[in-house]
Each structure stands twice: as C-alpha cells, then as structure tokens.
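The values are calculated or read from the model by the stated rules, or taken from the named source; none is laboratory data. The structure displayed is predicted, hence computed values, not measured ones. Neighbour counts run over all protein chains shown; Cβ positions are idealised from the backbone, glycine included. When the accessible area is computed, the model is the full protein with side chains, heavy atoms only, and any ligands, DNA or RNA have been set aside. Shrake-Rupley method; radii C 1.70, N 1.55, O 1.52, S 1.80 Å.
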Amino acid sequence: MVTMSGHVQLRNSGTGSWAAIREVTGFDEEAVSSTGTPAAIALIDRLLLPVPGTKIRPGSAASLTAADRDLVLAAVHVQVSGPLVRSALTCTGCREIFDLDFNLPDLLARLRQANEQTQVRTLANGVFELESGVRFRLPTGEEECALIGMPQVEGVQWILERCVVDGEAGLAGEQAQLAMEQVAPVADVDLAAECPECGANERVHFDLQHYLLSGFMAERRTLATEVHLLARGYGWSRHEIMEMPRSQRKSAVSMVTGAEPARWGY
C-alpha cells in the first residue's frame, strides 16, 4: 500500500514489515546521478526514517527485494506529484501527440493480482514453495548490485544458487526463476494505449525506477532556478533552500513567481 503519510507496507520483507520515509529535499534530488539499482537504493537509504516498529531503517535499503523497493519508490512518487503518472506519447500512425495518464497504486495492485493467482505457496520469513517442493526466497538489492557486469547466464545461476533454499538450484532453474517473477512482479511493464485521434494501438514501456530517477535528473536546471529565485526573493542561503521538503520549496517558488508548479511527467 502506498500512502501520502510516507508509511509503506512491504510484501516480501517478512510478515508485518513496513518502512517509513520522509519527504524528498533538494539535496536528495541533487544526489540522484543515474537510474540504476545502486542509485535507487541510495535514494531510499537517504529517505528512510528510524521509526519504532519498522525493521527497514536507514542503511538497510539494500536488503529490500526489487518489488518492495518499487513500493517505496511508488510512495516517493506519490509524495512528489500524487498518484497519477503522466506522460506524452507520439502516435506511430498519425504522429499526433496524446497524453497517457494512469494511477500508479492501481497499476501496482494489478501486478499484485498475478501473485495471488499463482500456485506458489507463501511460507514464513519470505520463503516460497513450488508444487515440486522446491523452496526459494527473492534476491535482495545487494545481490542485484553484485550482478552488475556479470554475464547474464552466469548471473542467473549465481542468483539461483543463493535463493533456492531447499532443492537443487540447477534442476529448479527456469521454474524457480519464473516463479520469482510471478510472486513479486516489479513495475517494469509494457502498457497498452490507444491514440484518441486515429485509434491506433500503441505499446509503451513503463519502468517506475527509471521514470522516477530520470525525472529528478531532468529537473536539475529547474532546481537551480528555484534556489536562485528563493535566495533572491527571501535572502535564504542555498543550504536552507536545499534542505527544505520539496513541497515547501515548490510552494515558496509559486508565491515568488505567482505561477503553479509545472506538472511532473514527460
């Protein structure tokens, strides 16, 4: 579940696991330098709060599975711009530009339905069991990062050897890999869209991690402009402006310029 409060219910990190995140600041946005998994983990670690009752604390983001990491990134998106994902597509048929907007929590809910329809049993402590009796867990972000630069075939085998906890990794191979994708789908999917002008069917790829992180990177110049406007308008230092929660900074800029903040999306 994704909420505006910054509390995120996790699904693959143990029973009752949840994370608490604070709002993004200018320093957090500036620190995003790529769209890869290490950058996503680093951003989440910056935002995690050591709230009593949560096991997911600052410095532990690498222990999250990819699906749980997406839940946290979705919560960041909700805080940044609300639940809607907005983008503009160019029709391959008539070349007209049209908007594709969808609700991010609804997309995550649809992905979870695939989990509920599988024949894989969910056991305790993040372990799953196939009908064949093979048991496995999901890879963590730390293990994903270890795969960087590793040949794909070698990487898959490396993951299976660590994540198949009961059974022969070599024999379970393809079956376990498919089950991992089913029980914990990530927001890295192809979406269908229809051009309102000519009715052409389009396919667009959406990767939440890439969308969110590249969005922060694309706003670098906007962030610098906002710092300049607020420093000139209120005499605040760069440090004071950069450590402000994003929503407060955007609100202050609107008061200075008289304009509404530009909508997130591209």
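Brief remarks follow.
- Total residues in region 174-196 satisfying the condition of being in contact (Cβ under 8 Å) with a residue 60 or more places away in the chain and in a helix (DSSP H, G or I): the figure is 3.
- In region 166-186, residue modelled with the highest pLDDT [restricted to those that are among the aliphatic types (A, V, I, L, M) and open to solvent by less than 90 Å² (accessible area, probe 1.4 Å)]: Val186
- Residues of region 187-206 satisfying the condition of being open to solvent by less than 50 Å² (accessible area, probe 1.4 Å) and within 15 Å of the chain's Cα centre (by Cα): Ala187, Val189, Phe206
- Looking across Ala75, Ala40, Ala20, Ala61, one residue alone is small (Gly, Ala, Ser), open to solvent by less than 10 Å² (accessible area, probe 1.4 Å) and free of Cβ contacts under 8 Å to residues at least 40 places away in the same chain. It is Ala20.
- Considering region 213-231, and only residues there that are in a helix (DSSP H, G or I), among the charged types (D, E, K, R) and in contact with a helix residue (DSSP H, G or I) (Cβ under 8 Å, 6 or more places away or on another chain), the residue that is least open to solvent (accessible area, probe 1.4 Å) turns out to be Glu226.
- Count of region 231-253 residues, restricted to those that are among the acidic types (Asp, Glu) and either modelled with pLDDT under 95 or in contact with a strand residue (DSSP E or B) (Cβ under 8 Å, 6 or more places away or on another chain) (or both), is 1.
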